[in-house]
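Undergrad: Take this structure, written in structure tokens, and hold onto it; I'll ask about it next.
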Amino acid sequence: MTAVREDFAEILRLVRPGSRVLDVGCGGGELLELLTREKGADAQGLELSPENVSACLARGLAVVQGDGDRDLDHFPTRAFDYAILSKTLQQMRDPRHALSELLRIAEQAVVSVPNFGHWKMRLYLLGRGRMPETKALPDPWWSTPNIHLCTLRDFIDLADDLGLRIDACAALSNGKPARAMDPKGVLENWRAETGLFLLSRRAEPQPEATPRNLFGEVELPKAEGPKRTRKARK
């Protein structure tokens, strides 16, 4: 039996059985197939590569060809329980818009990002003075699809700026199983090679109820009558 990729194993743990799931940038459909088989999910994919779309269809998976940078806007609001973006956000032209759209079309989003603040990245830059090439980011700078690399701290700041809540998060390093992490922990920005986040929208505060009278009309402030002036004593 082929070993399940460590980030896929964590995603399977997070997703509820029987959920509606959209996998953005689903590749050849490995995660889609796992979600369908192991979780009984109603899983659909969005993939740019025609070759990968064909591979998914050959597996009997529900996939459409599309660009995550443009086509997320066309999905209905709350059409899914989960939207997944696995190690793809850094390849998108507008990560801020993509992340916001994920939480429009789904109740929760599962997003994983390679951490450019990992100690190996820092050491590579310090020692060699060149863009790092590691297991997490193996391509040279001139051919990499990653155009918006970030650190965990950068990602958490963006999520906070968009009004998103981190419901769960895990660190992935050296092909080991995921481990839970504190997103605000200072050391995690050094230790985690990849961060995986379960996100949702923060509940917006409800406006205070307008006071109403017994007849169901808005109760307006009472108008003040003319002020009486005292006559000066002679």
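Each value in this text was obtained by applying a stated rule to the coordinates, not by laboratory testing. Note that the structure is predicted; figures quoted are calculated from it, not measured. FYI the Cβ positions are ideal-geometry reconstructions off the backbone, even for glycines, and counts take in every protein chain you see.
Undergrad: Report the charge-dipole magnitude of the chain in Debye, nearest 20, computed about the Cα centre from +1 at each Lys and Arg Cβ and -1 at each Asp and Glu Cβ.
TA: 1800
Undergrad: Counting only DSSP beta bridges with both residues in the chain, what percent are antiparallel, rounded to the nearest 5? Could you put the intermediate results ahead of the total?
TA: Working: 18 of 37 bridges.
Close to 50 percent.
Undergrad: For every helix of n ≥ 4 consecutive DSSP H residues, a contribution of -39,500 (n - 2.57) applies; sum these over the chain, divide by its total residues, and give [θ] at 222 nm rounded to the nearest 500 deg cm²/dmol. It would help to have the intermediate numbers written out before the result.
TA: Values: 8 runs with 67 residues, N = 234.
Estimated from H runs of four or more residues: -8000 deg cm²/dmol.
Undergrad: Moving on. Tally Lys/Arg at +1 and Asp/Glu at -1 over every other residue whose Cβ is under 14 Å from the Cβ of residue 48; what's the total?
TA: Around residue 48, the surrounding residues sum to -4.
Undergrad: Continuing with the same structure: What's the FRET efficiency of residue 12 with residue 161 using the Cβ-Cβ distance as r and R₀ = 35 Å, to the nearest 0.05?
TA: Once the sixth-power term is evaluated, E becomes 0.75.
Undergrad: Fewest Cβ neighbours within 10 Å first, please rank 134, 77, 194 accordingly.
TA: 77, 134, 194
Undergrad: Would you list 105, 147, 11, 166 from fewest to most Cβ contacts within 10 Å?
TA: Values: 105 19, 147 10, 11 26, 166 15.
Fewest-to-most Cβ neighbours within 10 Å comes out as 147, 166, 105, 11.
Undergrad: A further question on this structure: So if R0 is 45 Å, what FRET efficiency would residue 126 and residue 65 give, r being the distance between their Cβ atoms, rounded to the nearest 0.05?
TA: Result of the calculation: an efficiency of 0.60.
Undergrad: A follow-up question, please. Kindly write out, for region 63-74 in residue order, the coupling ³J(HN,Hα) from the Karplus curve 6.51 cos²θ - 1.76 cosθ + 1.60 (θ = phi - 60°), rounded to whole Hz, with x marking Gly and Pro.
TA: Karplus-based 3J(HN,Hα) across region 63-74 equals 9, 10, 7, x, 9, x, 5, 10, 8, 5, 4, 8 Hz.
Undergrad: Turning to a different aspect of this structure: Quick check: residue separation of residue 73 and residue 144 times 0.36 nm, minus the Cα distance between them. What number comes out in nm?
TA: Difference between extended and current length: 23.0 nm.
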